[in-house]
1. So, in the range 29-76, of the ones that are among the β-branched types (V, I, T) and open to solvent by less than 60 Å² (accessible area, probe 1.4 Å), which residue ends up modelled with the lowest pLDDT?
2. Here is a check on your reading of the model: is G110 in a strand (DSSP E or B), surrounded by fewer than 18 Cβ atoms within 10 Å (Cβ to Cβ) and either hydroxyl-bearing (S, T, Y) or touching a residue at least 12 places away in the same chain (Cβ under 8 Å) (or both)?
3. Please go through the range 154-183 and pick out each residue that is open to solvent by less than 60 Å² (accessible area, probe 1.4 Å), among the charged types (D, E, K, R) and assigned to a loop (DSSP other than H, G, I, E, B).
4. So in the range 188-218, with the set limited to residues that are over 18 Å from G153 (Cβ atoms) and among the hydroxyl-bearing types (S, T, Y), which one is surrounded by the most Cβ atoms within 10 Å (Cβ to Cβ)?
Amino acid sequence: MKVAHPRLASFLLLSALAFVPAFAQQPEPQTNPQHERQGGPRGGMGGGFMGMGSAVHGTVTAIAGSEFTIKTEDGTTYKIATGPNTRIMKDRQPIKATDIHTGDVVMTGGDVNDKAHTVGAVFLAVLDAEQVARMKQMQADFGKTWTAGKVTGIKDLTLTIERPDKKTQIVTVDENTSFQKHRESITLADIKVGDTVTSRGALKDGNFVATQLSVVEPRNRAAGPGPNPDRGSALAPPSQQPQ
């Protein structure tokens, strides 16, 4: 599967894996100087789209102690450094670094250096076939049956959003659109430029018409002492968020 834009790739991964954002909320562990971020964050809009930080995913090709080498879908190789503070998970359960094997598909995030192709891992999650399939389906549906982004303009019944792939999309609302924030009903007048939204709907004559539009807020990186798989993801399409 080819993903056109690294920000969208990370966004879809974090959306598909509802338990992963809980890891990304944790303070980043101390990392070695070679892992200091020099390039732009993979999957970030100013520190991460919707505050979710950076993420990289790929297949494990080599293991040396607590360091993993992965190859992404575009053929780029990353060195993943883990440590005592790295949260390592599989099937929403903690595992040890020794439980990861070559050939596993993993997602990792934390201190991403896109120039050096290194990651000082805050979390490392082994993906199963169902999670990978979910991500692929979300990618196929993105911009068609659901969309997300930062509101850059509002005029009458249309919102202009900047998506995580840096593309602009027009979202139209009508009398059938429901609006939510913090799981509570709101109106179009409550939505402001600068808000981050997710929307469920459909393309009609090339326009995205929303049936549901939700205002979401960036996660607080310092919130919570540990992962909570039941929280859901602020990035997920509205119908996938907890009711």
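The values are calculated or read from the model by the stated rules, or taken from the named source; none is laboratory data. Note that the structure is predicted; figures quoted are calculated from it, not measured. Glycine also receives a Cβ, built like all others from the backbone with ideal geometry; neighbour counts cover every protein chain displayed. Accessible surface is based on the protein model in full, side chains and every heavy atom, while ligands, DNA and RNA are left aside. Shrake-Rupley method; radii C 1.70, N 1.55, O 1.52, S 1.80 Å.
1. T31
2. No.
3. Within the range 154-183, R163, D165, D174 qualify.
4. By that ranking, first place goes to S214.
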